[in-house]
Number of protein chains: 2
Amino acid sequence: MTASLDAPLDTAPTSADAPVPPVDGAESVEAVARRAKVASRALATATRATKDAALHALADALVANADRIVAANADDLARGRESGLSAGLLDRLALTPDRIDGIAAALRELAGLPDPVGEVVRGSTLPNGLRLRQLRVPMGVVGMIYEARPNVTVDAAGLALKSGNAVILRGGSAAASSNAVIVGVLADALETVGLPGALVQSIDAWGRAGAVELMHLRGLVDVLVPRGGADLIQTVVRESTVPVIETGVGNCHLFVDESADLGDAIAIVLNAKTQRVGVCNALETLLVHDAVADEFLPIALAELADAGVTIHGDARTLELAGDEVATVPATDEDWATEYLSLDLAVRVVDDLDEALDHIRTWSSGHTEAIVTRDLASSERFVAEVDAAAVMVNASTRFTDGGQLGLGAEIGISTQKLHARGPMGLAELTTTKWVVQGDGHVRP
Amino acid sequence: MTASLDAPLDTAPTSADAPVPPVDGAESVEAVARRAKVASRALATATRATKDAALHALADALVANADRIVAANADDLARGRESGLSAGLLDRLALTPDRIDGIAAALRELAGLPDPVGEVVRGSTLPNGLRLRQLRVPMGVVGMIYEARPNVTVDAAGLALKSGNAVILRGGSAAASSNAVIVGVLADALETVGLPGALVQSIDAWGRAGAVELMHLRGLVDVLVPRGGADLIQTVVRESTVPVIETGVGNCHLFVDESADLGDAIAIVLNAKTQRVGVCNALETLLVHDAVADEFLPIALAELADAGVTIHGDARTLELAGDEVATVPATDEDWATEYLSLDLAVRVVDDLDEALDHIRTWSSGHTEAIVTRDLASSERFVAEVDAAAVMVNASTRFTDGGQLGLGAEIGISTQKLHARGPMGLAELTTTKWVVQGDGHVRP
């Protein structure tokens with residue numbers, strides 16, 4: 001998973017925040033989108049060789065301009081410190097020459113991935129002789145709305161380029177200076193390899209009003225991908241008439257079944273909760289079958305406490321927690337919360353049915369896991385849980401494009417339309433039916 | 001294609017129009033949706049045998065209750081006549097025992113189609129031993145908003161059932177009496193085979209306010225499919241926070257290239273324009289290469305005139321039309337119009353570039369066709385036209401789930417997300433990643 005999924009919500013930027021005014025006061029975000037649409041045509045029929053050469057050119061240009069980028073980033077960091085951004089946010093905002101090298105390396109890796117465009121998804125010859133092919137083609141123009149993460153600017157540009165799309169970026173006021181320089185560097189680099197610079201454009205200069213305008217450019221913008229906190233995503237979902245792919249909240253559960261291998265269960269719980277806490281595929285609620293609670297919980301809770309985890313437990317859990325375990329009584333708010341911190345909600349349930357009920361009530365549809373040795377329990381859990389990913393005897397942390405072998409990832413979709421789970425390059429494409437005849441008419 | 005895609009917009013119904021008030025004044029559309037969600041769970045894990053038996057039970061029940069349905073339909077027709085519905089709309093609204101037999105037969109055909117649920121879309125074993133499968137699973141709850149077509153009530157219920165989804169139907173005031181009886185018959189029939197009646201529910205009784213409430217039940221309703229005129233679809237797109245699949249307008253073009261077999265071109269133009277006029281895949285604009293206009297147009301226009309077609313032509317076309325051809329000078333409005341009638345816009349273009357330009361400007365992204373014998377022209381047209389379907393030497397009328405071998409069809413999507421072109425059963429499903437390990441944790 002790209003780390004940026006876990007960014008807390010940027011404070012709402014206003015037009016007044018925008019550090020770079022539109023170059024031409026009369027120009028609109030719509031004009032930006034029209035340029036993107038025209039530019040996207042050049043890319044739609046570009047070969048993989050052209051696109052990969054462009055990715056390498058972008059990477060080289062970022063490294064060559066690292067000093068300028070770091071200088072602009074220093075301005076953003078100074079403004080961020082003044083406005084009281086948290087240490088975590090400042091760290092996410094910060095760019096160093098090393099980080100820029102890493103971002104450039106990711107672009108070069110993208111060049112190594114297969115091109116999704118042109119894949120024949122389905123094909124056949126009909127009884128009447130018509131030859132059908134359903135081809136994978138670029139969407140056209142992709143909009144990204146995200147927050148205070150200059151690395152996402154490059155990631156999104158690279159993924160869009162490789163999948164044959166133009167991209168319009170709204171990166172938020174906190175990273176506006178960094179993003180302005182980065183987008184300029186990327187656009188110039190595209191021109192050097194003969195592609196239009198308008199394939200990568202920022203609308204940060206239009207502030208929040210520009211983002212809202214972008215959300216209404218249905219027909220010009222083919223899809224909008226919001227990345228960030230729940231508030232940002234909900235705003236885009238509510239406001240946008242452009243189709244949105246929601247990248248969502250992960251309130252992930254793990255159920256330790258009566259038949260679980262308790263050693264495996266402890267290892268998976270620790271990994272899912274503590275391997276990285278601020279990410280959407282981290283564990284947030286542990287459900288334990290009543291029959292193994294007495295044996296499992298005292299050990300599991302002690303190990304979690306050693307790792308610094310605070311337990312938000314139901315009454316039974318609190319009884320089983322040793323004195324060394326930091327505990328808080330759990331309320332419904334705990335069952336609903338994606339902590340993104342060293343906190344874990346824990347509940348003892350009567351059986352698989354109660355676990356499924358709990359998950360049905362509180363799941364965000366991201367990742368749900370079971371630890372079990374019982375085939376029937378495993379199959380019921382897989383069949384009945386309604387989520388993008390279901391794990392059997394594995395950590396929730398595997399819901400990730402890289403881990404699942406999809407290559408690069410633009411986000412993790414928790415909605416059901418178009419893409420569900422990790423979204424790779426193929427999810428930034430659509431399809432086109434091509435039907436070839438010899439003068440065929442319909443009888 | 002199901003004919004209902006071409007229905008003109010129902011006159012906006014108001015709550016006052018609703019002939020059947022909600023059974024319980026306190027109940028909300030949200031309560032209906034919650035029942036649907038619960039009911040959908042029973043269906044999500046049902047076997048194909050169960051679903052197919054239910055489809056046969058629905059068909060039998062419709063035939064057995066044909067008298068009641070026809071009687072309710074007579075009320076709708078009487079109200080329709082009073083309110084001045086056109087003859088075309090009244091015909092679409094009308095149900096007879098024969099038509100009910102036809103609708104029932106379509107349900108039985110649906111039972112013969114493969115079950116999309118459970119298909120393994122992708123799968124692999126990762127280097128670390130994790131076993132991955134991406135399974136096709138039902139969406140959950142599908143909402144349908146359509147107009148004055150009681151046959152769509154049954155089609156939508158059947159497609160939803162076969163694909164494992166509950167359906168909430170908003171069929172409009174004009175067909176409200178028919179739909180109320182039909183939904184009652186379908187729900188009762190579901191109960192006889194042990195499935196919840198709440199799998200098929202109508203919200204017609206809540207009127208227009210109910211439709212708006214449905215559009216905001218994100219989380220409870222998984223997808224909304226509007227079917228009807230452009231105004232209806234645009235209203236849903238604008239208003240809905242539930243993800244929408246747009247079934248759209250077909251402003252379809254055909255370009256007769258310099259190298260075309262002119263005999264084929266005439267046959268295809270006639271078929272595409274006149275085989276059925278009120279449908280979204282009918283031809284609306286003919287573009288003719290300048291080099292063949294003198295030879296092609298006089299013959300083609302005469303044959304179109306014989307078939308009763310009025311030509312809306314550019315200056316060159318009007319010059320080439322014989323006296324027997326009914327002509328009107330074309331304006332930009334003609335290039336933009338989906339006539340759905342015996343009218344055709346005709347323009348002579350300088351070359352393929354001008355044809356592509358015209359299509360780029362006016363296309364609704366449904367179906368575009370070229371008649372050519374030149375490989376390079378064919379390949380450029382296929383690559384550069386941005387539409388759900390591109391036809392080479394074949395009629396636009398082939399953009400249809402049945403014609404393309406997809407089986408049943410719920411509509412034709414002109415958007416790029418999730419489904420593009422004819423939408424069959426698979427497009428009413430989503431996927432779920434299932435990951436099986438043996439205590440796997442992320443390093």
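The values are calculated or read from the model by the stated rules, or taken from the named source; none is laboratory data. For clarity, every value in this text was computed on a predicted model and none was experimentally measured. Virtual Cβ from ideal backbone geometry, glycine too; neighbours counted across all protein chains shown. Ligands, DNA and RNA are stripped out before the accessible areas are found, and what is left, the full protein with its side chains, is counted by its heavy atoms. Shrake-Rupley method; radii C 1.70, N 1.55, O 1.52, S 1.80 Å.
Restricting to segment B:209-234, give me the number of residues that are open to solvent by less than 10 Å² (accessible area, probe 1.4 Å) and basic (Lys, Arg).
1
Here are the criteria: (1) among the aliphatic types (A, V, I, L, M); (2) over 15 Å from A:Gly143 (Cβ atoms); (3) surrounded by 24 or more Cβ atoms within 10 Å (Cβ to Cβ). Tell me which single one A:Val193 does not satisfy.
(3) is the only condition that A:Val193 fails.
Yes or no, residue by residue, for (1) touching a strand residue (DSSP E or B) at 6+ places or on another chain (Cβ under 8 Å); (2) assigned by TED's automatic domain parsing to the domain that holds B:Trp362:
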{"site": "B:Gln234", "(1), (2)": "no, no"}
{"site": "B:Thr247", "(1), (2)": "yes, no"}
{"site": "B:Val256", "(1), (2)": "yes, yes"}
{"site": "B:Ala265", "(1), (2)": "yes, yes"}
{"site": "B:Arg276", "(1), (2)": "no, yes"}
{"site": "B:Asn281", "(1), (2)": "yes, yes"}
{"site": "B:Val288", "(1), (2)": "yes, yes"}
{"site": "B:Val292", "(1), (2)": "yes, yes"}
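Among strands (runs of 3 or more DSSP E) lying entirely in segment B:310-403, which contain 2 or more residues that are open to solvent by 30 Å² or more (accessible area, probe 1.4 Å), in contact with a helix residue (DSSP H, G or I) (Cβ under 9 Å, 6 or more places away or on another chain) and in the same structural domain as B:Ala291 (by TED's automatic domain parsing)? Let's see the steps before the verdict.
On the way: elements: B:310-313, B:327-329, B:343-349, B:367-371, B:389-394.
Passing ranges, in order: B:327-329, B:343-349.
Which residues, taken from segment A:43-63, are open to solvent by 10 Å² or more (accessible area, probe 1.4 Å) and more than 18 Å from A:Val183 (Cβ to Cβ)? Outline the logic, then answer.
Filtering segment A:43-63 for residues open to solvent by 10 Å² or more (accessible area, probe 1.4 Å) gives A:44-50, A:52-53, A:56-57, A:60-61, A:63.
Hits for segment A:43-63 are A:Ala44, A:Thr45, A:Ala46, A:Thr47, A:Arg48, A:Ala49, A:Thr50, A:Asp52, A:Ala53, A:His56.
Among what's in segment B:420-433 and is under 11 Å from the mean Cα position of the chain (by Cα) and either more than 8 Å from chain A (Cβ to nearest Cβ) or in contact (Cβ under 8 Å) with a residue 60 or more places away in the chain (or both), pick the residue that is farthest from A:Gly263 (Cα to Cα).
By that ranking, first place goes to B:Pro422.
Being in contact with a helix residue (DSSP H, G or I) (Cβ under 9 Å, 6 or more places away or on another chain) and at positive phi is true for just one of A:Gly171, A:Gly158, A:Gly140, A:Gly129. Which residue is that? Spell out the reasoning first.
On the way: A:Gly171 fails: at positive phi; A:Gly158 fails: at positive phi; A:Gly129 fails: in contact with a helix residue (DSSP H, G or I) (Cβ under 9 Å, 6 or more places away or on another chain).
Criteria check complete, one pass: A:Gly140.
Is it the case, given these coordinates, that A:Gly129 is open to solvent by 10 Å² or more (accessible area, probe 1.4 Å) and within 14 Å of chain B (Cβ to nearest Cβ)? Step through it out loud before you land on a result.
On the way: open to solvent by 10 Å² or more (accessible area, probe 1.4 Å): yes; within 14 Å of chain B (Cβ to nearest Cβ): yes.
Criteria met by A:Gly129.
Going through A:Ala54, A:Ala44, A:Ala31, A:Ala39 one at a time, which residue ends up being modelled with pLDDT of 50 or more and within 21 Å of A:Pro150 (Cβ to Cβ)? Walk me through it before giving the result.
Values: A:Ala44 fails: within 21 Å of A:Pro150 (Cβ to Cβ); A:Ala31 fails: within 21 Å of A:Pro150 (Cβ to Cβ); A:Ala39 fails: within 21 Å of A:Pro150 (Cβ to Cβ).
Step by step, each of A:Ala54, A:Ala44, A:Ala31, A:Ala39 is checked, and only A:Ala54 is modelled with pLDDT of 50 or more and within 21 Å of A:Pro150 (Cβ to Cβ).
Filter segment A:141-153 down to the residues that are buried (at least 24 other Cβ atoms within 10 Å of the Cβ) and not in a strand (DSSP E or B), then identify the one that is nearest to the other protein chains (Cβ to nearest Cβ). Let's see the steps before the verdict.
Here is the first cut: in segment A:141-153, the ones buried (at least 24 other Cβ atoms within 10 Å of the Cβ) are A:141-150, A:152-153.
After this cut, where a residue has to be not in a strand (DSSP E or B) as well, the list is A:146-150, A:152-153.
Details: A:Tyr146: 19, A:Glu147: 21, A:Ala148: 26, A:Arg149: 22, A:Pro150: 26, A:Val152: 21, A:Thr153: 23 Å.
Once the filter is applied, the top-ranked residue is A:Tyr146.
Please determine whether any residue of segment B:217-232 is of a type in the set (Lys, Arg), within 18 Å of the chain's Cα centre (by Cα) and assigned by TED's automatic domain parsing to the domain that holds B:Ala175. Walk me through it before giving the result.
Going residue by residue through segment B:217-232, those that are of a type in the set (Lys, Arg) are B:218, B:227.
Within this subset, residues satisfying the condition of being within 18 Å of the chain's Cα centre (by Cα) are B:227.
Filter once more, so that each one left must be assigned by TED's automatic domain parsing to the domain that holds B:Ala175: B:227.
Yes - at least one qualifying residue is present in segment B:217-232.
I'm trying to understand the selection: among the residues of segment A:404-414, which are surrounded by fewer than 21 Cβ atoms within 10 Å (Cβ to Cβ), more than 7 Å from chain B (Cβ to nearest Cβ) and touching a strand residue (DSSP E or B) at 6+ places or on another chain (Cβ under 8 Å)?
So the first thing to find is which residues in segment A:404-414 are surrounded by fewer than 21 Cβ atoms within 10 Å (Cβ to Cβ), and the list is A:405-407.
Still in the running and more than 7 Å from chain B (Cβ to nearest Cβ): A:406-407.
Listed by number, the list holds a single entry, A:Leu406.
Say we look at segment B:365-383 and pick out the residues that are out of contact with any strand residue (DSSP E or B) (no Cβ under 8 Å at 6 or more places or on another chain) and more than 7 Å from every other protein chain (Cβ to nearest Cβ); which of these is nearest to B:Thr274 (Cα to Cα)?
Here the residue is B:Gly365.
Please find, among A:Leu195, A:Leu199, A:Leu186, the residue that is closer than 21 Å to A:Glu427 by Cα and outside the structural domain of A:Cys280 (by TED's automatic domain parsing).
Numbers: A:Leu195 fails: closer than 21 Å to A:Glu427 by Cα; A:Leu186 fails: closer than 21 Å to A:Glu427 by Cα.
The conditions single out A:Leu199.
Take the conditions in a helix (DSSP H, G or I), over 19 Å from the mean Cα position of the chain (by Cα) and modelled with pLDDT of 95 or more and apply them to B:Arg133. Does it pass? Give the derivation first.
Details: in a helix (DSSP H, G or I): no; over 19 Å from the mean Cα position of the chain (by Cα): yes; modelled with pLDDT of 95 or more: yes.
Judged against the criteria, B:Arg133 is not a match.
Could you tell me whether any residue of segment B:293-300 is in contact with a Gly (Cβ under 7 Å, 6 or more places away or on another chain), surrounded by fewer than 19 Cβ atoms within 10 Å (Cβ to Cβ) and modelled with pLDDT of 95 or more?
Looking through segment B:293-300, at least one residue is in contact with a Gly (Cβ under 7 Å, 6 or more places away or on another chain), surrounded by fewer than 19 Cβ atoms within 10 Å (Cβ to Cβ) and modelled with pLDDT of 95 or more.
For segment B:278-290, give me each residue that is more than 13 Å from chain A (Cβ to nearest Cβ) and modelled with pLDDT under 90. Full working, then the answer.
Within segment B:278-290, the subset more than 13 Å from chain A (Cβ to nearest Cβ) is B:278, B:280, B:284-290.
Selection gives B:Gly278 alone.
Which of (1) at the interface with another protein chain (Cβ under 8 Å from one of its Cβ atoms); (2) crowded, with 23+ Cβ neighbours inside 10 Å; (3) under 20 Å from B:Met139 (Cα atoms); (4) within 16 Å of the chain's Cα centre (by Cα) does A:Leu417 not meet, given it meets every other one?
(2)
May I ask you to list the residues in segment A:235-277 that are part of a helix (DSSP H, G or I), open to solvent by 10 Å² or more (accessible area, probe 1.4 Å) and more than 9 Å from chain B (Cβ to nearest Cβ)?
If the condition is that a residue be part of a helix (DSSP H, G or I), open to solvent by 10 Å² or more (accessible area, probe 1.4 Å) and more than 9 Å from chain B (Cβ to nearest Cβ), then A:Thr235, A:Glu239, A:Leu262, A:Ile266, A:Thr274 are the ones that fit.
For segment A:47-60, name all the residues that are in contact (Cβ under 8 Å) with a residue 60 or more places away in the chain and either touching a Leu at 6+ places or on another chain (Cβ under 7 Å) or not assigned by TED's automatic domain parsing to the domain that holds A:Ser178 (or both).
A:Lys51, A:Ala54, A:Leu55, A:Leu58
Of all residues in segment B:340-353, how many are in contact (Cβ under 8 Å) with a residue 60 or more places away in the chain and either over 21 Å from B:Arg380 (Cβ atoms) or in contact with a Lys or Arg (Cβ under 9 Å, 6 or more places away or on another chain) (or both)?
Kept after step one, since they are in contact (Cβ under 8 Å) with a residue 60 or more places away in the chain, are these residues of segment B:340-353: B:340-342, B:344-352.
If we keep only those that are either over 21 Å from B:Arg380 (Cβ atoms) or in contact with a Lys or Arg (Cβ under 9 Å, 6 or more places away or on another chain) (or both) too, we end up with B:340-342, B:344-348, B:352.
Number of matching residues: 9.
Taking A:Gln436 and the conditions (1) at the interface with another protein chain (Cβ under 7 Å from one of its Cβ atoms); (2) within 18 Å of B:Thr430 (Cα to Cα), which numbered condition does it fall short on, given that it satisfies the others?
(2)
From B:Arg397, B:Arg360, B:Arg442, which residue is within 9 Å of another protein chain (Cβ to nearest Cβ), modelled with pLDDT of 95 or more and within 14 Å of the chain's Cα centre (by Cα)?
Details: B:Arg360 fails: within 14 Å of the chain's Cα centre (by Cα); B:Arg442 fails: within 14 Å of the chain's Cα centre (by Cα).
Just one listed residue meets the conditions, B:Arg397.
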